[in-house]
Amino acid sequence: MKNYFLIFGGFFMSKTRRMVLIAMLAALSTILLLPILQFPLLPGIDFMKVELSIIPVLIGVFTLGLGDGFIILFIRSVLWYLLFNQGPSTWIGVPMNFVALGIFMAIVWFFTKKKFSIKNYTVGIVLATIASVLVMMVLNVFYALPLYRLAAGFDVDKIFAGATHLFNMDSLSVTLNPTYLLTVVLPFNALQYIIFALVFGLIVTVFKKNKVVKFYNA
């Protein structure tokens, strides 16, 4: 199918070159994980930083197809574990990151796979952002915060007031902290997905204008 090939100068890329491109995009995505390239968004919240590793993954999605995009994301996530492992923050955070970014790019792809237009892209981005933010909020409550509390001794409930205990799950204590979710998790994730959308949209525009790459249906 057409959407599984990157096109340079009108020629379909061979399977070997496609595999090379997957490796290159995964490597570029991993490079963008370097701490020096990450930056905080919210004042005083230095433990949450934006990294642009999703951009090469999105390029892969819209030149090779959604399946290959997930392969690139998976390779990048494995390399994240191997090269930038910082203990609990990594092994707890990477699965969350994979799930949220996977949902984000899948929804954007769904709304633009027939025609990559400004309207379709905007609708896809808005819905993908809402879905990914909601998923991150749920994962924070039932997955990340209990594990951070247990494995790293980091308890946001001691920093942000208003937490309500929900239940215990084995040795994990699950709480609901609306203050943290609404003032940190929600704005941080919403802003970062907007940044992803703007950066990728700019790349698509530049690449199309210079005819460097033909994006699928763009």
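Each value in this text was obtained by applying a stated rule to the coordinates, not by laboratory testing. From a predicted model like this one, the values you see are computed outputs, not experimental measurements. Here the Cβ positions follow ideal geometry from the backbone for every residue, glycine too, while neighbour counts run over all protein chains shown.
Here are the numbers for the structure shown:
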{"read-out": "Of the DSSP H helices in the chain, those whose Cα atoms cover at least 20 Å axially and whose Kyte score averages -1.0 or more", "value": "15-31, 66-83, 88-112, 118-139, 186-210"}
{"read-out": "Between segment 187-204 and segment 20-40, the alpha-carbon center distance in angstrom", "value": "16 Å"}
{"read-out": "Mean residue ellipticity (222 nm) of the chain, computed from DSSP H runs ≥ 4 via -39,500 (n - 2.57), nearest 500", "value": "-18500 deg cm²/dmol"}
{"read-out": "Under-19-angstrom lysine pairs by C-alpha in the chain, whenever the two are 8 or more apart or on separate chains", "value": "18"}
{"read-out": "For segment 92-148, Kirkwood radius (reciprocal of mean inverse C-alpha pair distance, Å)", "value": "11.9 Å"}
{"read-out": "Relative contact order (%) - segment 2-210, alpha-carbon pairs under 8 angstrom, separation at least six", "value": "17 percent"}
{"read-out": "Kirkwood Rh in Å, taken over the chain so that all alpha-carbon pairs contribute", "value": "18.5 Å"}
{"read-out": "Alpha carbon centroid spacing (whole Å) that separates segment 116-174 from segment 83-114", "value": "13 Å"}
{"read-out": "Most to least packed among 49-56, 69-76 [average Cβ atoms within 10 Å]", "value": "69-76, 49-56"}
